[in-house]
Each structure stands twice: as C-alpha cells, then as structure tokens.
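One structure is given below, encoded as structure tokens.
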Amino acid sequence: MLAAVLRARRVATTVLITEILGCHRTYLNRCADQAAELLALHDICIAPVDGPKARTHAQLQARIDAARQHQDGQ
C-alpha cells in the first residue's frame, strides 16, 4: 500500500523508493499496481504533490522538512 501511495503522490523517483524500501522495481510496481486497484475499488484518489520528484535522499528530506514547516505554520 505504501508503494502505491508514494508512487501516486509522485514524491520520489521509482529508483529512490526502491532504494528506501530495499526492493526491486518490478516488485514495487507489482505491489503498487495491486494496491492502486484496491484503492480504486474504494473510490480513493491520491493526488500528486506539486513540484518535481525527489531523486536523492537529500531532496526527499528537504521536501519532508518543508511539509512539516508548512504544517506547523497552520
């Protein structure tokens, strides 16, 4: 399910997600596709985030930090 959400949100490249989760792209895509089907059955739509996908751990961490600051500021 996490793979489907991360892929749908377009927060990071597939390569980075597989690195973080410690799996192969084929397995990630298969799991994400299955989870996406399940989400669709329940009419759950996950919108992508604005901006380019993170390609490195540092870019992903910067995106996480910015989201936390935005959340704290509200």
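With the cut-off at under 13 Å, measuring from each backbone N in the stretch 1-23 to a point 7 Å along the Cα-to-Cβ line of I64 picks out 12, 17, 20-21. Listed peptides 48-57, 9-18 appear in the order 9-18, 48-57 once ranked by packing, highest mean of other Cβ atoms within 10 Å at the front.
For the stretch 50-65, the Karplus equation 6.51 cos²θ - 1.76 cosθ + 1.60, evaluated at θ = phi - 60°, returns couplings of 6, x, x, 5, 5, 10, 10, 4, 5, 5, 5, 5, 5, 5, 5, 4 Hz by residue, with Gly and Pro reported as x. Stretching M1 away from H57 to a fully extended chain increases their span by 18.1 nm, per 0.36 nm per residue minus the current alpha-carbon distance. In a simple Cβ point-charge model (Lys, Arg +1; Asp, Glu -1; nothing else charged), the stretch 2-73 has a dipole of about 240 debye relative to its Cα centre.
In the chain, inverting the average of 1/r over every pair of distinct C-alpha atoms gives 13.1 Å as the Kirkwood radius.
Neighbours of D33 by Cβ distance under 14 Å: Lys/Arg scored +1, Asp/Glu scored -1, total +2.
Near the amide H of A12, within less than 5 Å, lie the amide hydrogens of A54, all on another chain or at least 5 residues away, with H placed in the peptide plane.
Sorted on the mean count of surrounding Cβ atoms within 10 Å across their residues, most packed first, peptides 36-47, 21-32 read 21-32, 36-47.
Just so you know, all these numbers are worked out from the coordinates, no wet-lab data involved. What you are looking at is a predicted structure, and each value in this text was computed from that prediction instead of being measured. Cβ: placed from backbone, ideal geometry, glycine included. Neighbour counts: every protein chain shown.
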